[in-house]
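Engineer: Got a structure for you, questions after.
The values are calculated or read from the model by the stated rules, or taken from the named source; none is laboratory data. Because the structure is a prediction, the values reported are computed rather than measured. So basically every Cβ, Gly included, is an ideal-geometry build from the backbone, and we count neighbours across all protein chains shown.
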Amino acid sequence: MQTLALWLLSGCGSPDGSGSGRCIGEFEDGRAYAFENGETYCEGDMLHDCEDGTLRSGASAECGGGDSDSDVDSDSDSDSDTDPDDGYNDSDPVKATPIGEGTLAGETVTDSADRWYRLDLPQGLHAMFEVLFRHADGDIDVSLHDHELVELQRAESGTDDERISAWNPFRNQTFYLRVTLFSGSSQTYDLRVVQTPLTHDEAECAGDACAELRQLPAAVSEEVGYFPDERPAYHFMRHELLQAFLYATRQVFLDVPDTGPLGVTQVGDWQGDIPGVKEGDQWHPDGTHTSGFDMDTAYYRTDGPNAGGYICEDDICEVTEAGGCYGGGIDYFCDSTSDHWVDVERMALYYGHFLQSRIIRVIGADRIVVGDVLDAADRLVDEGRMDGTIRNEMYGRLACDGSYDECFRAGWAFHVHHTHISTIR
Ligand SMILES: [Zn+2]
């Protein structure tokens, strides 16, 4: 009776199978789980209770616990219980389709049944999931989840195909990929998994692989030192640039206690095009952000999370012959050292670690911030926390610390909300 009561309470459909529960996955022991309204979970048997993604008529599926949260198993918690009686192991609740490197062709997803895949990824390997489809025939979105099914990142572009990447520099880890149909009733796709070695601890790259584009992987924890602050579709860069970035942010995290992750804003698309081009727009000047040579990141900030966005007041606009007040009265430079929210010490450390890779051509930053970061680098050298040669390198690579007009003419406006890293071509 308890099962029946929970069943009716949860609204998962009636025991005679007349309900509307959807079959969306399978547990290790073969039981299906079905849900309605995206939050109520019931269990059944995948083989006998599911037909075409829904509960078969007369199915014996039952609700496992009147689940009222938004997790995917059948309990009432947030996927952190250790209840041995509910039959769900929260560290591995879904028996998704196991996958490895290679291609699964002709997969199908419908609007009533998501598809789940499971990849066991060894430590230090980067895995890119490519879900290849024609957008016009139905819009597929994908999300990447950790071993507890916590969502790490989403790819939901409005164009053909979705790509999303995983890694864990610290340990072997199981990742889950969820494929959802956003529009349309059914859609077919190919799922391709490409695995590549990717280290976190050195700013080195070897061989032809350095030139290949890699996608910034979803952050598995704050420990990695970064977080995606833009759609994954615009997070492609040369392998060596990605490694230098991963090294730099990880080192800042280790250097300074309580360093929050740094946001990665726009880099390039998977074919090396400038972000926006495939959407009929171009968000960076000609010759930049192409072929994976450049990336934009946020600044380390003193006023909150290290996300992209203005790092000083934007209400003071100087009229200049170079065309200041660009954009209708918006000022694209900071005006004084006391009036910005950049954590200059962390920025000096970040640039310093980046410059150890020897591939950095030039770094774009706000002209006021540049001066303050160089002062911070001087202090770090005095304190023995930075090598003098790295500090000197920073002086040569950071542009532009000139006047407002000089920096505007040199093309270094617009770094009032992000910093730009450019590598040697
Ligand atoms: Zn840029």
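Engineer: Pick from Asp160, Asp139: which is surrounded by fewer than 21 Cβ atoms within 10 Å (Cβ to Cβ), without any contact (Cβ under 8 Å) to a residue 60 or more places away in the chain and touching a helix residue (DSSP H, G or I) at 6+ places or on another chain (Cβ under 9 Å)? Give the steps one after another, and end with the answer.
Structural biologist: Details: Asp139 fails: touching a helix residue (DSSP H, G or I) at 6+ places or on another chain (Cβ under 9 Å).
Answer to the selection: Asp160.
Engineer: When only residues in the range 360-373 that are more than 16 Å from the ligand (Cβ to nearest atom) and crowded, with 20+ Cβ neighbours inside 10 Å count, which is modelled with the lowest pLDDT?
Structural biologist: Checked the range 360-373; the qualifying residue modelled with the lowest pLDDT is Ile368.
Engineer: Oh, and also: Assess whether Val416 counts as being within 16 Å of the ligand (Cβ to nearest atom), crowded, with 17+ Cβ neighbours inside 10 Å and either on the phi < 0 side of the Ramachandran plot or in a strand (DSSP E or B) (or both).
Structural biologist: Yes; evaluated as a whole, the condition is true for this residue.
Engineer: Go through (1) in contact with a Cys (Cβ under 8 Å, 6 or more places away or on another chain); (2) at pLDDT 80 or above for Leu355 and report which single condition fails.
Structural biologist: (1)
Engineer: Which of the strands (runs of 3 or more DSSP E) contained wholly in the range 220-314 include at least 1 residues that are of a type in the set (Ser, Thr, Tyr) and within 12 Å of the ligand (Cβ to nearest atom)?
Structural biologist: Here the list reads 294-297.
Engineer: Which of (1) closer than 20 Å to Val193 by Cβ; (2) at pLDDT below 55; (3) touching a Gly at 6+ places or on another chain (Cβ under 7 Å) does Asp92 not meet, given it meets every other one?
Structural biologist: (3)
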